[in-house]
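Read the structure below first, then the notes.
The values are calculated or read from the model by the stated rules, or taken from the named source; none is laboratory data. Just so it is clear, the structure is predicted and the values come from calculations on it, not from any experiment. Here the Cβ positions follow ideal geometry from the backbone for every residue, glycine too, while neighbour counts run over all protein chains shown. Each accessible area value is taken on the protein alone, full model and side chains, heavy atoms only, with ligands, DNA and RNA left out. Shrake-Rupley method; radii C 1.70, N 1.55, O 1.52, S 1.80 Å.
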Amino acid sequence: MSFLLAAAAICASGYALLRAIGLATGRSSVDLPLSWFAGGAWVGLASFTARGLLGIPSGPATAIVVLALPAAGWAVARRRVRGLGARGDGGARWLPRPAWLFAPMAAWTAAVAVAVLLHGLATPVHTDDSYRVRALAPILAATGAWNDAARDAIAVAGPVPTYVPSLAWVLGAGIDPVHVSASVVLTFLALLTLLVALGSERGVPEAGWGAAFAITSMPFFGYHSASTYADAWLGMYLAAAFAFLVALARTGAPADAGRAMLLLVGAALVKREGELLVLPVVAVLLAQVAWRERTVRGTLGPIGLLLGAYLLAVAARVAAVGAASAFPFLRAAAERSVGAAPEAAAAAAGEVAQAGPGAGAILLRAMFTDGDLGILWWVFLASLLLLAPRLRREGLAWALLALGMVLAETAASATWLYPQFTLDHGTVHRSLLPVSAAAAVWLAWLLGSPIAPPGRPEAEARRRSRKEPRRRGG
């Protein structure tokens, strides 16, 4: 019960944040799951910034202020903030077609969701990394620990996996590790709901249900959605961001860019690796906004606000653990580039040299033949080759570019930066979860959009209005 009350408070705070910065869609089916993502990102960012940058100890008073600030901001901005094109086509359609194809897909999605829910709530923390970091960091935050070891554990886990599960404990509930896995499970359910609702709200329920089905068709993703590892949690935020990234291409609604940025900030706050993973996606999103929305200056307002807020979390991490420990992956990349790798990395490099192209081969097997990700990447490649002409028509090239850059980062980490963890199968499968979740969403919109009856996105309407005078003149 304490977790449900804390989850409700996070959702309420997230909804107030969406309204305060003009990113609510006005449809409860989309805003409710989006509020969970937004609230989690806000609670993590604000709590970590208060503790690491401002030196404010964690406690009930701090938690209440963090939860209440978005509502105060909404009250202040209520009369002057306007949404940036909140809705897309304006023709919601909830039932995908054909029914004979999507009914079994929906049944499978629901069955996996129930299985993840039951398994996640019944499974204790059982892996070494989860026990030492993922489930420990929230306990440290709830107890107010802030010594060197506590700061390092919280920085590694990330603000969202640290402060979201611990909110009920900070407010007085007894420490119960099931809150950690319950937070992951609830995020998984919110992702599925968001994907289905967003596709239906934009008039493309085939893409929404297809994305949910693709996510639940990856066995390894379902398994990790019921554990306290944070790789699937990171993938959920990234997949949700990609849902709005592809929706932006279809509708041209400027607010979708802000929603995508909000979710990318949330992804950057899940694990220390999240920041580096979403960096190229942020760059592509900014380029897409600059290209498509040159006349819509208001689009950059929420995006700039979100980026500025995230820089506070970065500053808090530097203040907590120091600059060198705040960016370990950049430091490792620099060492590898100049040949000054530490002894462990040097030994791994020698092992890779003896094994030949073993790391690359293992990565490809993890994607295509091990079965952990189902047949996602086979379908992805086939669809990309056979349906390439649709990329421009559906406006999916920008999101594909972002996806390719994330995949390149993942491959570089697995084969060049930390090949030892690929050779021993330690992290290669988990590292593929975020990019695979994003790929599932992109693929579903590529395959699902042509099934839907022709919509009338704003961008298409503008193109028709520009062409009409020329037809009359002819």
Extension reserve of the residue 329-residue 307 stretch, reckoned as 0.36 nm per residue once the Cα distance is removed: 5.8 nm
Carbon + sulfur, % of accessible area of the chain - ligands and nucleic acids excluded, 1.4 Å: 66 percent
Net lengthening on full extension, residue 64/residue 99 (0.36 nm per residue, minus Cα-Cα): 8.0 nm
Magnitude of the charge dipole, the stretch 1-84, Cβ model with Lys/Arg +1 and Asp/Glu -1, debye to 20: 360 debye
Among 94, 194, 105 - extreme Cα towards positive end, dipole of the chain, charges at beta-carbon: 94
In nm, spacing of pseudo-spin labels at residue 176 and residue 416 (7 Å Cα→C-beta vector): 4.7 nm
Surface accessible to a 1.4 Å probe, per residue, for the residues of the chain, Å²: 41 Å²
Of the DSSP H helices in the chain, those whose Cα atoms cover at least 20 Å axially and whose Kyte score averages 1.0 or more: 2-20, 60-77, 99-122, 178-201, 231-251, 254-268, 274-292, 300-321, 397-412, 428-448
Nearest-0.05 FRET efficiency for residue 152 and residue 390, computed from C-beta distance (R0 56 Å): 0.75
Peptide ranges 323-329, 63-69, 17-23, 224-230 listed from the most packed, as the mean C-beta count within 10 angstrom indicates: 224-230, 17-23, 63-69, 323-329
Net dipole in debye of the chain [+1 Lys, Arg Cβ; -1 Asp, Glu Cβ; about Cα centre; nearest 20]: 2620 debye
Highest average packing first - 176-189, 397-410, Cβ atoms within 10 Å: 176-189, 397-410
Within-13-Å neighbourhood charge of residue 328 [Cβ basis; K, R +1; D, E -1]: +1
FRET E, pair residue 370, residue 145, Förster distance 30 Å, beta-carbon r, rounded to 0.05: 0.15
Length-normalised contact order for the chain - Cα pairs under 8 Å, 6+ apart - percent: 21 percent
Selected from 395, 441, 3, residue furthest toward positive end of dipole (the chain; charges at beta carbon): 395
Whole-Å distance, taken between Cα centres, linking the stretch 248-278 and the stretch 23-52: 12 Å
Dipole-positive endmost among 310, 322, 248 within the chain (Cβ charges, Cα centre): 248
Equivalent-ellipsoid semi-axes of the chain, from the Cα gyration tensor, Å, largest first: 34, 28, 22
